[in-house]
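Taking it in order: structure first as structure tokens, then the write-up.
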Amino acid sequence: MNKFTLATLTLALSMGTTLATFPAFADTASKKIALSNNYAGNSWRQAMLTSWDKVTGAAVSSGVVAAADTFTTAENQATEQAAQIQNLILQGYDAIVINAASPTALNGAVKEACDAGIVVVSFDGIVTEPCAYRIAVDFAGMGKSQLDYLSEKIPDGGNLLELRGLAGVFVDDEISAGIHAGVAENPQFKIVGSVHGDWAQDVAQKAVAGILPSLPEIAAVVTQGGDGYGSAQAFAAAGRDVPLIIMGNRHDELLWWKEQKDATGYETMSVSIAPGVSTLAFWVAQQILDGATVPQDLTVPFLKITQDTLEESLETTQAGGVANVEYTLDDAKATIKSSM
Amino acid sequence: MTSDRLRQLLPAFSLAVLLISVFYIQPRTMSYLGLNLLFNLAVPIALATIAQMLIIAVNDLDLSMGAFVSFVACVAATYLRDTPLLGVLILAGAIGVYALVGILIYVRNLPAIVVTLGMSFVWGGLAVLILPSPGGAAPDWARWLMKTKPPGIPMAIVASILIAGIAHFLVMRSSFGVVIRGVGGNERSVERAGWSILWVRAAAYASAGFFAVLAGILLVGLTTAADANIALRYTLLSIAGVILGGGEFTGGRVSPIGAVIGALTLTLAGSFLSFLRISSDWQIGAQGAILIIVLALRVLLNRSKQGAGD
């Protein structure tokens, strides 16, 4: 019996690889995938979970996989998530998709899962354990892309105000490192001030309002997302000209941008990670269970909104939410291919 | 008399009920691997709970436990691995600081909650200095210790029994333990008996520091790498573990075996709720409910004891 299933499996696998366009779903129909999530307390994470439910719900009802359940820890703590992952091993899942509380503190639990023959795919908050797959975001590239845009938009350069995220979180370090690398490449720009906006509009507004009186004329504000609207409010409240502020795909930011664009022809760009990256992780896990060869490290593209795509993005973004894309199986295959 | 015995058995009884429920919901846990996965993360929590218990035994409360264990984890994943001698020196120094904190609290008559809360920021800051971004690697021997597979009984169970046994001997059977509990119960009578309260308190804090150091090292042995925020939950978990295990906040009334059982119960309660598929929004509440049920049972037993005794 076992030998027989193994034989059919290998057969189906070889068919799947030879006929790349033919969806070889039969192999994963009985597989169960779990999402282990460390935090659900902001709009980005809510959108991430909604995307997961939407895409995996369709996948389960069409028989691609048997189950795709979500588990979120009650407190954003690594030890709690490690226990959760060990519970998922005991619950018999075939693959665990993880958004991790810590890149290292879950490694022991992840290794236990790998040893039990479970496929582990981490995304956004990735884990460093070598046996896991990583869908990493190029945060440094995201920071640098802001300077690429600015050097085209304002060739003469000028003073920059940098908004940073939550201190001590590696995402903040990465984006900031990318921004500083971009400044080093474009010496006509100079960062004259830097404040922590904690990726929250109200915090950003207070922080910018605090530093603004001490700053010379600002040509542009480089940001990390979730802080652009608050910065704009601070500039307006201080009675200063609102400079070019890079936005972060949040609905309030896009709405403000649209209003300014209609009123004064304001131009900027917006960049962030689509919360739907969770669905990419799902399809990658499904592909690995299906027997596809997947490199351990994949890179997810970031979602950029330009002057031309603003209206379209604004329309599809929910009030209070973040601009989003949900990934398909073909997107996952393309991502895997480009990372090979 | 019988209610007193019942009260001592309550923690073990709660653990047994939870364990049977977990076995029933998820039969896969009823195996060598299953038990180990259920309880291995409880081992460092049990050690931290014993550490907290030693502080509670002298009527104080340590709010820096989580930050301190995180700090130790960072030292273990860096210095203790790369330069073992320096690592041991740092950890010995940290235990010394714990003793000093105990002395400071006693000499200046400061509230322990305030001092240890302050210390939690010191330990947290040092942890970030040592390991600015998550990483490092566990010493091989710590990794081996937590991965070892003794025949018959999983490592997590062996370790829990060992910890409970050693702590029981130290706190309930040795003269050192009697004096520490005496300080919690009646400081002046211990003083009249010729003991230096200063040194007893320093020793209680130092031994708490020692158990917390073990907790940090074994935690890194489990996770393989450290993070400056890795054990922040341990502060509240350790306090809850002591109380769940039959300890009292005052009077030197503590139970080491109960404390280890309390730590195991808390860990198991999380798995139980997860297996029940209770939504995370309700999990904190449900965990609280389990705590309240156990404590309510204890209050009931206390009442009946008072009624019968007087």
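No lab work stands behind these numbers, since they all come straight from the coordinates. Note that the coordinates shown come from a computational prediction; the quantities given were computed from them, not determined experimentally. We place every Cβ from the backbone using ideal geometry, glycine too, and count neighbours over all the protein chains shown.
Sequentially through region B:86-94, phi angles give Karplus couplings (6.51, -1.76, 1.60; θ = phi - 60°) of 4, x, 4, 4, 4, 5, 5, x, 5 Hz, Gly and Pro residues having no value and appearing as x. In terms of Cα atoms, the Rg and Dmax of the protein assembly as shown work out to 27.7, 89 Å. Legend: ranking of residues B:Arg253, B:Arg303 from fewest to most surrounding C-beta atoms inside 10 Å; resulting order B:Arg303, B:Arg253.
Taking a ≥ b ≥ c as the square roots of the eigenvalues of the Cα gyration tensor, chain B is classed as oblate, since a/c reaches at least 1.5 and a/b does not exceed b/c.
Beta-bridge orientation, the protein assembly as shown: approximately 10 percent antiparallel, per DSSP, counting only bridges with both partners inside. According to the square roots a ≥ b ≥ c of the eigenvalues of the Cα gyration tensor, what is the shape class of region A:139-272, taking rounded for a/c under 1.5, prolate for a/b larger than b/c otherwise, and oblate for the remainder? In terms of gyration-tensor shape, rounded. Our coupling estimate for region A:69-84, obtained by passing each phi through the Karplus curve with A = 6.51, B = -1.76, C = 1.60 and θ = phi - 60°, is 8, 10, 10, 10, 6, 5, 10, 6, 10, 4, 5, 5, 5, 4, 5, 4 Hz, Gly and Pro reported as x.
When A:Ser43, B:Ser21 are arranged by Cβ crowding within 10 Å, least crowded first, meaning fewest neighbours, the order is B:Ser21, A:Ser43. Database remark: amide H of A:Ile191 closer than 5 angstrom to the amide H of A:Leu160 (H placed geometrically; neighbours at sequence offset of 5 or more, or on other chains; Pro and chain starts carry no H). A simple count of charges around A:His251, restricted to other residues whose Cβ falls under 13 Å of its Cβ and scoring Lys, Arg +1 and Asp, Glu -1, yields -2. Which translational diffusion coefficient, to the nearest whole µm²/s, is obtained for region B:170-267 from the Stokes-Einstein equation, given a Kirkwood hydrodynamic radius over C-alpha pairs, 37 °C and 0.692 mPa s? Diffusion coefficient, whole number: 221 µm²/s. Cβ crowding within 10 Å, taken as a proxy for footprinting-reagent exposure, orders A:Thr223, A:Thr73, B:Thr148 from fewest neighbours to most as B:Thr148, A:Thr73, A:Thr223.
Here the Gaussian network model covers chain A, with springs between Cα atoms less than 10 Å apart; of A:Gln205, A:Gln296, A:Gln91, A:Gln91 fluctuates the most. Between the Cα long axis of helix A:329-339 and the first principal axis of chain A there is an angle of about 80°, rounded to the nearest 10. Per-residue ellipticity at 222 nm from helix content only, as computed over the protein assembly as shown with -39500 (n - 2.57) for each DSSP H run of at least four residues, stands at -19500 deg cm²/dmol.
Highest mobility in the GNM of chain B, judged by mean-square fluctuation with C-alpha springs under 10 Å and restricted to B:Gly262, B:Gly246, B:Gly165, is found for B:Gly165. With the convex hull drawn over the C-alpha atoms of chain A, the volume per residue is 140 Å³. In region B:94-164, one over the average inverse separation of all distinct C-alpha pairs is 15.7 Å, which is the Kirkwood hydrodynamic radius.
Under the criterion of Cα pairs below 8 Å and six or more residues apart, the relative contact order for region B:135-269 equals 34 percent. With the charge dipole of the protein assembly as shown set up from +1 on Lys and Arg Cβ and -1 on Asp and Glu Cβ about the Cα centre, the Cα lying farthest toward the positive end among the listed residues B:Ala240, A:Gln84, A:Ala209 is that of B:Ala240. What the phi angles of region A:112-119 give under the Karplus curve with 6.51, -1.76 and 1.60, with θ = phi - 60°, is a coupling list of 4, 5, 4, 4, 7, x, 9, 7 Hz, glycine and proline written as x.
Along its first, second and third principal axes, ordered by size, region B:29-166 spans 52, 34, 23 Å in Cα coordinates.
Near A:Ala40, no amide H atom lies under 5 Å from its own; only residues 5 or more places off or on other chains count, and H is placed 1.01 Å from N.
Selection among B:Leu33, B:Leu198, B:Phe211 by position relative to the dipole of region B:2-309 gives B:Leu33 as farthest towards the positive end (Cβ unit charges, Cα centre). For chain B, a Gaussian network of Cα nodes joined below 10 Å ranks B:Ile50, B:Ile153, B:Ile180 by mean-square fluctuation, and the top entry is B:Ile153.
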